[in-house]
Amino acid sequence: MSVDLHVHSTASDGVLTPEALVDDAARLGLRAIALADHDSVEGVAAALEAGGKQGLLVVPAVELTATAEDGRDMHILGYRIDHRDRRLLDRLVQLREWRRKRALSMIQALREGGYHLDPEAVMRLAGEGSVGRAHIARALEESGEVSSAGEAFRELIGHGRPFYIAKPGTLPEDIISLVRSACGIPVLAHPGISRVDDLLGRLAAAGLQGIEVWHSEHSAADTKRYAEIARRRGLVATGGSDFHGPRASGGGKQLGAVDVPDSVVTELYELERGPACR
């Protein structure tokens, strides 16, 4: 297998720059990657340029969070996105500002809880990218408050943990509409994690076009289940490692390590988009 359709860079909470990601992917013998940063397409242009030099296909992508009325979060991947679309870019600026305010609130809560955490250290780790919990986790590790970024998620800032703060919610229909208006292919990311199977009919009716079947945190049973759901619903089955980098919070997510069929790329590029997007 030689494609990885879910990777992150320093444009959000990844460790490697877009160019370094492309270089590593080429060194590993990958044929295609999808750069899907959280709430950001700032790394896409650089990745596309680097991919052209390396002979590596870079699929422009983005990863956005949607929230159902009952509070359940899910992530929507937008593949083949027009990374210059003005409506998309304006919306991403707003989402990144929400992320910044949320990060500052979490940092303040941690400090009030007795954890030594410098807000400037978190922002320095984020750099020009979209700040997120991974940057807080790495700052906690660097300050010696936790032994690893993974521990920070498990004990402090993961869902249901004492210092977790949710982002403002956006309905999945609105996220799907945003992706499609920017010529993207909306795909439900890692459903084995979000567990919103009961909403798949609603999401498909809103324009969802795929499900991430292969993922580093999916069990064999998850993969089999979602492959069957994708087949039954006529949705494209995609997949990727969700790679953030060698020091990122999700240990074990190695670039290119998930067995994604090469044919997935062809299927993505065969899907119809709006007339203005052809």
*asked:* Being in the same structural domain as Tyr79 (by TED's automatic domain parsing), closer than 18 Å to Asp73 by Cα and free of Cβ contacts under 8 Å to residues at least 24 places away in the same chain: is that true of Asp198 here?
replied: yes
*asked:* Condition first: assigned to a loop (DSSP other than H, G, I, E, B) and farther than 12 Å from Ile107 by Cβ. Now tell me which residues in region 146-166 satisfy that.
replied: Val146, Ser147, Ser148, Gly158, His159, Gly160, Arg161, Pro162, Tyr164, Ala166
_From the list Lys167, Lys101, exactly one residue is without any contact (Cβ under 8 Å) to a residue 24 or more places away in the chain and either within 30 Å of Arg202 (Cβ to Cβ) or surrounded by fewer than 18 Cβ atoms within 10 Å (Cβ to Cβ) (or both). Which is it?_
Lys101
*Residue check, Ala32 against (1) hydrophobic (A, V, I, L, M, F, W, C); (2) modelled with pLDDT under 95; (3) touching a strand residue (DSSP E or B) at 6+ places or on another chain (Cβ under 7 Å), all met but one. Which one?*
(2)
_Between Val146, Val131, which is in contact with a Lys or Arg (Cβ under 6 Å, 6 or more places away or on another chain) and of a type in the set (Val, Ile, Thr)?_
Val131
*Considering region 17-27 alone, what residues qualify as being under 25 Å from Glu267 (Cα atoms) and either modelled with pLDDT under 95 or among the β-branched types (Val, Ile, Thr) (or both)?*
Val22
_Cβ contacts < 8 Å: first residue part of a helix (DSSP H, G or I), restricted to region 220-240; second residue surrounded by 12 or more Cβ atoms within 10 Å (Cβ to Cβ) and charged (D, E, K, R), any location; separation 6+ or different chain. Result?_
Tyr226/Glu212; Ile229/Asp197
*When you look at Asp118, is it surrounded by 12 or more Cβ atoms within 10 Å (Cβ to Cβ) and over 19 Å from the mean Cα position of the chain (by Cα), yes or no?*
yes
*Residues of region 170-188 being among the small types (Gly, Ala, Ser) and surrounded by fewer than 24 Cβ atoms within 10 Å (Cβ to Cβ), which ones?*
Ser177, Ser181
_Any hit, region 180-188, residues being in the same structural domain as Gly14 (by TED's automatic domain parsing), assigned to a helix (DSSP H, G or I) and farther than 30 Å from Gly113 by Cβ_ = yes
*Considering only region 44-88, how many residues are outside any strand (DSSP E or B), in contact (Cβ under 8 Å) with a residue 40 or more places away in the chain and closer than 19 Å to Thr17 by Cβ?*
1
*Looking only at residues in region 247-278 that are modelled with pLDDT under 85 and in contact with a strand residue (DSSP E or B) (Cβ under 9 Å, 6 or more places away or on another chain), which one is surrounded by the fewest Cβ atoms within 10 Å (Cβ to Cβ)?*
Arg273
*From Asp262, Asp242, grab the single residue that is under 15 Å from the mean Cα position of the chain (by Cα), among the acidic types (Asp, Glu) and within 30 Å of Asp85 (Cβ to Cβ).*
Asp242
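The values are calculated or read from the model by the stated rules, or taken from the named source; none is laboratory data. Predicted, not measured: the structure shown is a model, and the values here were computed from it. In this analysis, Cβ positions are derived from the backbone assuming ideal geometry, glycine residues included, and neighbour counts consider all displayed protein chains.
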